[in-house]
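A quick write-up on the structure given underneath.
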Amino acid sequence: MAITPATLQAYPEFATAPDATIQLWIDNAPAHIDATAYGDEADQATTYWVAHVLTLLKAGGGLGGGPVSSAEVDGVKIQFAAAVGAAGLSNWESTTWGALLLTLASVRAYSADLVV
């Protein structure tokens, strides 16, 4: 199975993400996801990685929308992007997709240690 923009757009949170944006991150995934290490789960790892990146972009305003905080004092209003993840979490743990990728990586590493 090959990962395509439609693979990610099947998830509601990415349904309106532009094909070109998704494809950009799919094309960059091999620099971050070692297909040999993930074996037959490489497509799943790639999907998780791209979804993690897209989630971070969306939260930071890169895909439009995302959390925004604002304050108003004496008629002066400012808006700024809210933090993506909870304090103390790693970048991977800041999204569900990153946490899924971490779990998959851990399982693959554990399984590799069992092979003799």
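Out of (1) assigned to a helix (DSSP H, G or I); (2) within 19 Å of Gly98 (Cβ to Cβ), the odd one out for Gly39 is which?
Checking Gly39 against (1) assigned to a helix (DSSP H, G or I); (2) within 19 Å of Gly98 (Cβ to Cβ), the one that fails is (2).
In the range 19-56, how many residues are touching a residue at least 24 places away in the same chain (Cβ under 8 Å) and more than 26 Å from Arg108 (Cα to Cα)?
1
Going by the conditions given, is Gly65 closer than 21 Å to Ser94 by Cβ, touching a strand residue (DSSP E or B) at 6+ places or on another chain (Cβ under 9 Å) and modelled with pLDDT under 90?
Spelling it out, it is not the case that Gly65 is closer than 21 Å to Ser94 by Cβ, touching a strand residue (DSSP E or B) at 6+ places or on another chain (Cβ under 9 Å) and modelled with pLDDT under 90.
Say whether the condition of being surrounded by 10 or more Cβ atoms within 10 Å (Cβ to Cβ), in contact with a Leu (Cβ under 8 Å, 6 or more places away or on another chain), among the acidic types (Asp, Glu) and modelled with pLDDT under 90 is met by at least one residue in the range 32-44.
No, the conditions are met nowhere in the range 32-44.
Of all residues in the range 10-35, which are of a type outside the set (A, V, I, L, M) and either farther than 17 Å from Ala59 by Cα or not in a helix (DSSP H, G or I) (or both)?
Selection gives Tyr11, Thr16, Pro18, Asp19, Gln23, Asp27, Asn28, Pro30, His32, Asp34.
The values are calculated or read from the model by the stated rules, or taken from the named source; none is laboratory data. None of the values given here were measured: they were computed from a predicted structure. When we count neighbours, we look across all protein chains shown, and the Cβ atoms used for this are built from the backbone with ideal geometry, even at glycine.
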